[in-house]
Amino acid sequence: MFNSLTKKITDIFENISHRSHLKEKKIKETLRRIKSALLDADVSLIIVNVFLKKIKSKISEAYINKNFSPSQNLIKIVLYELTKIMGSKSYLFNFLLNQLTICTIIGQPGSGKTTSTAKLAHLLSKKYKKKILVVSIDIYRPAAILQLKRLIQKTKANFFQSNCNQKIIEIIKLAIITAKKKKYDVLLIDTAGQIHTNHSKIKEMEKVQNYIKPHETLFVIDSMTGQDSVNTIKKFNKIFTLSGIILTKLDSDTRGGVALSVRSLTKIPIKYIGVGEKIYDLQIFHPKRIAKRILGMGDVLSLIDDIKNKIKNKELDLMKETTKKGNTFNLNDFLIQIKQIKKIGGVESLIHKLPINIINSNSMLNNIDKESFIKIEAMIQSMTEKERKIPSIIKYSRKKRIAKGSGITIQEINIYLKKFENMKNIIKNLNKNKKNKIFEKIKNYLIK
């Protein structure tokens, strides 16, 4: 998410981090580079110009904190304004009290609408402990109904069966009757993919909206469509009065500019973002967290959310135990940590949520991919229990045996044992909290 933009922005601030004073010429150059980085990320020119104008107006003595360096002051201003253009706060699902909440989910074909519906059902049922019923009214695509049914089976929500021979209003009537009778909290309605130029389908959907009078109407948009999506949202909002946006595919190699533009240009809040293919890969949109990621400051709160949502309690207890260790941290503990990192999306997901300086200073986090994880597991599983507990005894003869048993080279074993030592140092820092203060929040969650 925003990889290219984050790298450019952090490089810009790194360039001025050593300066005790910023002259006007340097400030102008810095702002010019920020503008170029934002435009390259496909942020709207209108938004970029307003953004920079506000930053310029705040670069004055009134906004200078004497305890901060010039670059820190500028980052503080940029963080505030970046958060502001994305909406400043999170907008949550609008649950009705003691009655059925109906939500229609609208989107263009291929935007990830059906998948997002299932992900939202999972999030609402797990996070808020709500009883969720999901129905598809996409009578034009039998595969869409079947796809949604299969996805819902992976959640704690329930699926209301519909078929292509029914009329849309008939499906909705029956689903609402069932939802009320069985006292569901929420009815999620997955609609057919809409194109604003298809007038017959738009008219049909208008009738549906008028009949349902939904409490939430969420519009799903593919972030890879860029600024074109802003015009699409505006056109759909005129017809359906959207209450929020679900932005999908933010885990892809997208420039992500639409996330920075859409709130200011449409006045409709981004409520959720899709960050992967798994059923749990839908997150509440937190503007400040995203702004911090863009500025290379990390997003530890989202990392903690991942740990809570993707790691089971028993595994979490194991993770807590290994995290409490210092000098006694061994290869068994390392294997536990590796498995949990895989569950929260792998090293790439972890890197995106840690500050740039932490990533750069810990080679444990560099050059590890899915294949490396598999090899590390094979290496450790080919060791004796004594070798796992006392890695210092692993000399050349032992490495030859381990290499033969795991199918990896001695050179790779040396590299992975070095990664283990780096992880051990990270665990020490986590407990001592001396070098890397960013781990304090993780420590507070893991070590209680």
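Taking the range 137-155 as the range and being surrounded by 13 or more Cβ atoms within 10 Å (Cβ to Cβ) and within 26 Å of the chain's Cα centre (by Cα) as the test, the residues that pass are Ala144, Gln147, Leu148, Lys149, Leu151, Ile152, Lys154, Thr155.
Summed over the range 162-194, the residues that are exposed (fewer than 13 other Cβ atoms within 10 Å of the Cβ) and outside any helix (DSSP H, G or I) give a count of 6.
Per-residue answers, yes or no, for (1) touching a Pro at 6+ places or on another chain (Cβ under 9 Å); (2) among the polar types (S, T, N, Q):
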site	(1), (2)
Asn94	no, yes
Thr101	yes, yes
Gly112	no, no
Ser116	no, yes
Ser125	no, yes
Tyr128	no, no
Val135	no, no
Ile145	no, no
Lys154	no, no
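Checked against (1) more than 15 Å from the chain's Cα centre (by Cα); (2) at pLDDT below 90; (3) part of a loop (DSSP other than H, G, I, E, B), Leu242 passes all but condition (2). Any residue in the range 193-204 that is among the hydrophobic types (A, V, I, L, M, F, W, C), touching a Cys at 6+ places or on another chain (Cβ under 9 Å) and closer than 27 Å to Lys278 by Cα? No: zero hits. Close contacts from the range 83-95, counting a first residue that is closer than 15 Å to Val50 by Cα and assigned by TED's automatic domain parsing to the domain that holds Val43 and a second that is assigned to a loop (DSSP other than H, G, I, E, B) and of a type in the set (A, V, I, L, M), with Cβ to Cβ under 8 Å and a gap of 6+ residues or different chains, come to none at all.
Residues that are out of contact with any Asp or Glu (no Cβ under 6 Å at 6 or more places or on another chain) and part of a loop (DSSP other than H, G, I, E, B) were ranked within the range 245-264; the one that is modelled with the highest pLDDT is Leu250.
Quickly run through the range 270-288 and pick out the residues that are touching a helix residue (DSSP H, G or I) at 6+ places or on another chain (Cβ under 6 Å) and surrounded by fewer than 22 Cβ atoms within 10 Å (Cβ to Cβ). Once the filter is applied, which keeps residues that are touching a helix residue (DSSP H, G or I) at 6+ places or on another chain (Cβ under 6 Å) and surrounded by fewer than 22 Cβ atoms within 10 Å (Cβ to Cβ), the range 270-288 yields Ile279, Tyr280, Lys288. The set of residues from the range 170-204 being of a type in the set (Val, Ile, Thr) and either at pLDDT 95 or above or under 15 Å from Thr117 (Cβ atoms) (or both) comprises Ile171, Ile172, Ile176, Ile177, Thr178, Val186, Ile189, Thr191. Of the residues that make up the range 141-160, is at least one farther than 21 Å from Ser111 by Cα, part of a helix (DSSP H, G or I) and in the same structural domain as Thr241 (by TED's automatic domain parsing)? Looking through the range 141-160, none of the residues is farther than 21 Å from Ser111 by Cα, part of a helix (DSSP H, G or I) and in the same structural domain as Thr241 (by TED's automatic domain parsing).
Going by the structure shown, is Leu133 on the phi < 0 side of the Ramachandran plot, buried (at least 22 other Cβ atoms within 10 Å of the Cβ) and of a type outside the set (Ser, Thr, Tyr)? Give the derivation first.
Working: on the phi < 0 side of the Ramachandran plot: yes; buried (at least 22 other Cβ atoms within 10 Å of the Cβ): yes; of a type outside the set (Ser, Thr, Tyr): yes.
Taking the combined requirement at face value, the residue satisfies it.
Just checking, does the range 63-75 include any residue being among the hydroxyl-bearing types (Ser, Thr, Tyr), in a helix (DSSP H, G or I), modelled with pLDDT under 90 and crowded, with 18+ Cβ neighbours inside 10 Å? Checked the range 63-75: at least one residue is among the hydroxyl-bearing types (Ser, Thr, Tyr), in a helix (DSSP H, G or I), modelled with pLDDT under 90 and crowded, with 18+ Cβ neighbours inside 10 Å.
The values are calculated or read from the model by the stated rules, or taken from the named source; none is laboratory data. Model, not experiment: these values are computed from the prediction. All Cβ positions, even for glycine, are placed from backbone atoms using ideal geometry, and neighbour counts span all protein chains on display.
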